Amino acid sequence: MPEELTRRAAAIAAGDTSWQIPEARPAATVVLLRNTEAGLSTYLMRRTSTMAFAAGMHVFPGGRIDAADFDSSVDVRGDINAARMTADDRLGRALIIGAVREVFEETGVLLAVDEDGRWPDIDDQWDADRRVIEQSSATMGGVLARRGLHIDTAHLPLWSHWITPEVEERRYDVRFFAAVVPDNHIVRDVSGEADHVRWVTPVEGLEEFSRGQMAMLPPTVATLRELNALSTAENLSIHAADRTVQPLMPRARLAADSTLVWELINASSDEVVWSMSDAPAGSESRGIHS
């Protein structure tokens, strides 16, 4: 973690209120999964070095929730357990919509089905629809309706919930969802926000991270470790439903000897979930420019 942010963490831990903690804005990300010859794999995007948040970091597709994601005209069916997302019903629904929208904008994969539960076929209008939604989130409901599609929450289970530390200049309150890529959809780099994309197995990603070859944010690393428990993509829904999801946020405290100790807390209750062996690696908001 940059020295400036470490000093800021120590000041906050000591009770200094001079730092105005930025609000954590709602966001959603999706862990895309598929079975490959190498085993269960997930899709990672390396954000360009010019991005304002997490520059140069490998991340899952996703982004912040827009006002249009609260549009009641978007057809969403299935259970929305907003309480499990630590959200109210309105925000819970918007998080689902925003997650589907972001994946479509960034990868060309549309996680929506027809009345018979079938994934849509790619047609000549596909990219045009993606660009329309990318230019205006408010068009999402209309595109789905014209195609006879709706969002089925069963295909997008909640995986985890992470919040950017209070010391960062830009903060997001991110719900992580997971989804198996439809067989007839090809994941493509169409976002303009990445300079490199790839499919990796959890083991490959973690090994490259440990060797310093793949920069990642702590939630990404934690997710790859958790994915090791999945043998195939078909286990996703059951495994996701059995998980305990709580809003996790790194926070520092001063130990008796005045050293800084980092802990992962439940941001709703301030309870310590577990002690961290080290400070968060780098800065989420500054990315490789830490």
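Laboratory data are not the source of any read-out in this text; all were calculated from the coordinates shown. Every value quoted in this text rests on a predicted model; they were computed, and no experiment measured them. For neighbour counting, all protein chains shown are included, and Cβ atoms are generated from backbone atoms with ideal geometry for every residue, glycine included.
Would you mind giving the average projected area, over all directions, of the Cα convex hull of the stretch 192-243 in nm² with one decimal?
4.6
When DSSP beta bridges are restricted to pairs lying wholly in the stretch 21-245, around 65% turn out antiparallel.
Shown here: the stretch 89-134, whose C-alpha atoms stretch 36, 27, 14 Å along the first, second and third principal axes, sorted largest to smallest.
The radius of gyration of the Cα set in the stretch 124-205, together with its Dmax, comes out at 16.2, 46 angstrom. Residues in the stretch 175-186 carry Karplus couplings, in order, of 9, 9, 10, 10, 7, 8, 5, x, 4, 8, 10, 10 Hz; the curve used is 6.51 cos²θ - 1.76 cosθ + 1.60 with θ = phi - 60°, and Gly or Pro positions show x. When the Gaussian network model of the chain links Cα atoms closer than 10 Å, the mean-square fluctuations of A256, A67, A138 top out at A256.
Protection proxy ranking for 22-35, 167-180, using the average of other Cβ atoms within 10 Å per residue and placing the highest first: 167-180, 22-35. The alpha-carbon positions of the chain define a convex hull whose volume is 136 Å³ per residue. Once backbone amide H atoms are built at 1.01 Å from N, Y172 has R25, T164 as its partners under 5 Å, excluding neighbours fewer than 5 places away on the same chain. With semi-axes defined as the square roots of five times the eigenvalues of the C-alpha gyration tensor, the equivalent ellipsoid of the stretch 1-128 measures 34, 21, 14 Å, largest first. Only helices enter this figure: runs of n ≥ 4 DSSP H residues, each worth -39500 (n - 2.57), summed and divided by the residues of the chain, yield -7500 deg cm²/dmol at 222 nm to the nearest 500.
In whole Å and largest first, what semi-axes does the C-alpha gyration tensor of the stretch 160-290 yield when each eigenvalue is scaled by 5 and square-rooted?
28, 19, 15
Full extension of the chain between S49 and N235 yields a length gain of 63.4 nm, computed as 0.36 nm times the residue separation minus the alpha carbon distance.
In this structure the amide hydrogen of M214, modeled in the peptide plane, comes within under 5 Å of the amide hydrogens of F209, none closer than 5 places in sequence on its chain.
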